[in-house]
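Student: Dropping a structure here in structure tokens format, bear with me for questions.
The values are calculated or read from the model by the stated rules, or taken from the named source; none is laboratory data. Worth saying up front: this structure is predicted, and the values here are computed from it rather than measured. Positions of Cβ are generated from backbone atoms using ideal geometry, with glycine treated the same way; all protein chains shown enter the neighbour counts. Only protein heavy atoms, including side chains, enter the accessible area calculation; ligands, DNA and RNA are left aside. Shrake-Rupley method; radii C 1.70, N 1.55, O 1.52, S 1.80 Å.
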Amino acid sequence: MKALDGIKVLDFTHVQSGPTCTQLLGWFGADVIKVERPHVGDATRKQLVDKPGADSLYFTMLNHNKRSIELDSKNATGKAVLTRLIEESDVLVENFAPGALDRMGFGWEAVHEINPRLIMASIKGFGAGKYADCKVYENVAQCTGGSASTTGFLDGPPLVTGAQIGDSGAGLHLCLGIVTALFQREKTGKGQRVSVAMQDAVLNLVRVKMRDQQRLAVGALKEYSQHGAGIPFGDTTPRAGNDSGGGQPGKILKCKGWEDDPNAYTYFIIQEAVWGNVCDLIGEAAWKTAKGYATLPERLDKLDEIFARIEEWTQTKTKFEVLEACNPLDIPVGPILSMKELAEDEALYATGTMVEVDHPERGAYLSVGCPIKLSASPAEVVRAPLLGEHTEEILRDLGYSNEDINKISASGAIGEKSCV
Ligand code: COA
């Protein structure tokens, strides 16, 4: 038995943000029915294509553990089928552009009337306000949520990050909202709306930079290397390069081979509790007691000098040798792992975080599995559905006969399907 066994999710999502949410619900055991436009489907099926004719990795890696129905929700017969699906579902998830669902005739009031127990969950770019009408993609959310202005180096432009905090970040937030609403429904018997704005999700994830915005009012941010470099602070949280985001100073340092390998680097954190171990490791035992070095507040204006000295040591070791030397001394370090190294890491396959999946069009491909581990409900990754692969099966589940399905098909609501 899986945690969400018996929960039916009507998945009206597309691209990345919504699909990451419904994929998680599928991994937790929900029956996720992805509604797709006949002959077209989710646009990502045919984006960034690496194997002509096959669904893309973009689509297949975001839509595991789902069934697909082709259904035109603007066609009158299609609307009637969708109404049946809404009656039978526990959750409807969507991330259409603002207003699209209302134009279809399936806004909150309408679906709540069809099924008062239904939880309707939406992702939009922005919450209510002046930007509410905007269409939004990942990097727009990173820019408007405060991430880009605080990412990058002081002397460079704002940067977006590879972590999809706008899309997958919003999907994660929405998933938590949905399971919380399901929990509340256990007590009230009623559905509710769950809304996540991508801007809000990003802002939540850069919360510590809003912390720093307020700390600026009372002086310099002394743990930023900008402070040690003597560069005055302005009136907003600056870009901090690879400085640590917290109270324990850190930096990315070169390791052996950095000249040829773009990922021969390590993150190195000087945790106050193990300052003595750091000093011993790099051959600077005198720093343990020296005035200006012995305590963190004294050291804050010398971080560049101290990290330069540590880097002299890390450059004599590979990033993995640094880890092996530091870990027994409780010094927190992180080798910069490339996508290739992660794709080849057997430990990640052993835990199911990386998986190999078979697909009828693509053959075997690698994917990231479920990162959330439930001991009594382990996720099993099932390949993404082909477009409309389960249309007939889902219609039959709804009680439609062969004759009904032929009529629905003739109406153009599900593409060309015929049952004998
Ligand atoms: N049958 C019939 N019509 C369908 C359908 C179906 N099964 N599924 C979708 N459509 C229609 C919609 O009703 C809409 O029609 P309308 O504009 O005439 O009302 C149309 O397809 C396109 O939907 P839309 O959401 O506007 O897609 P888009 O490709 O123009 O925009 C986004 C894509 C992502 C920018 C937009 O959906 C968006 O801003 N979403 C919210 C934020 C978000 O999640 N962004 C991140 C995506 S990773």
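Student: Go through the range 312-343 and give me each residue that's more than 14 Å from Ile270 (Cα to Cα) and among the acidic types (Asp, Glu).
Tutor: Result: Glu312, Glu321, Glu324, Glu341.
Student: Can you tell me which condition Gln142 does not meet? The list is (1) open to solvent by 10 Å² or more (accessible area, probe 1.4 Å); (2) in contact with a helix residue (DSSP H, G or I) (Cβ under 8 Å, 6 or more places away or on another chain); (3) within 12 Å of the ligand (Cβ to nearest atom), and all the others hold.
Tutor: Looking at each condition in turn, Gln142 falls short on (1).
Student: Right, here's the next one. If you take the residues in the range 91-105 that are open to solvent by 10 Å² or more (accessible area, probe 1.4 Å) and in contact with a helix residue (DSSP H, G or I) (Cβ under 7 Å, 6 or more places away or on another chain), which one is nearest to the ligand (Cβ to nearest atom)?
Tutor: Asn95
Student: So in the range 118-136, with the set limited to residues that are in contact (Cβ under 8 Å) with a residue 24 or more places away in the chain and surrounded by fewer than 22 Cβ atoms within 10 Å (Cβ to Cβ), which one is nearest to the ligand (Cβ to nearest atom)?
Tutor: First pass over the range 118-136, keeping only residues in contact (Cβ under 8 Å) with a residue 24 or more places away in the chain: 118-127, 131-136.
Subsequent filtering for residues that are surrounded by fewer than 22 Cβ atoms within 10 Å (Cβ to Cβ) retains 126-127, 131-135.
Values: Phe126: 9, Gly127: 12, Tyr131: 11, Ala132: 11, Asp133: 10, Cys134: 7, Lys135: 4 Å.
The qualifying residue nearest to the ligand (Cβ to nearest atom) is Lys135.
Student: Count, please, the residues in the range 106-117 that happen to be within 15 Å of the ligand (Cβ to nearest atom) and either hydroxyl-bearing (Ser, Thr, Tyr) or crowded, with 17+ Cβ neighbours inside 10 Å (or both). Lay out the reasoning, then the answer.
Tutor: To start, the set of residues in the range 106-117 that are within 15 Å of the ligand (Cβ to nearest atom) comprises 106-107, 110-111.
Right, trim to either hydroxyl-bearing (Ser, Thr, Tyr) or crowded, with 17+ Cβ neighbours inside 10 Å (or both) and you get 106, 111.
Residues that pass the stated criteria total 2.
Student: I would also like to ask the following. With the range 51-132 as the region, which strands (runs of 3 or more DSSP E) entirely inside it contain at least 3 residues that are aliphatic (A, V, I, L, M)?
Tutor: Values: elements: 67-70, 91-94, 119-124.
Where strands (runs of 3 or more DSSP E) fall fully within the range 51-132 and carry at least 3 residues being aliphatic (A, V, I, L, M), they are 91-94, 119-124.
Student: Another question about this same structure. Does any residue of the range 34-54 turn out to be among the β-branched types (Val, Ile, Thr) and within 14 Å of Glu94 (Cα to Cα)? Walk me through it before giving the result.
Tutor: Residues of the range 34-54 that are among the β-branched types (Val, Ile, Thr), as a first pass: 35, 40, 44, 49.
Of the ones still in play, those that are also within 14 Å of Glu94 (Cα to Cα) are 35.
Yes: one or more hits.
Student: Which of the following residues is away from the ligand (no atom under 15 Å from the Cβ) and among the β-branched types (Val, Ile, Thr): Thr83, Thr60, Thr77? Steps first, please.
Tutor: Values: Thr83 fails: away from the ligand (no atom under 15 Å from the Cβ); Thr77 fails: away from the ligand (no atom under 15 Å from the Cβ).
None of the other options fit; the residue is Thr60.
Student: State the number of residues belonging to the range 176-209 that are touching a residue at least 24 places away in the same chain (Cβ under 8 Å), surrounded by fewer than 14 Cβ atoms within 10 Å (Cβ to Cβ) and part of a helix (DSSP H, G or I).
Tutor: 1
Student: Looking at (1) part of a loop (DSSP other than H, G, I, E, B); (2) more than 13 Å from the ligand (Cβ to nearest atom), which one does Val32 not meet, given that it meets all the others?
Tutor: (1)
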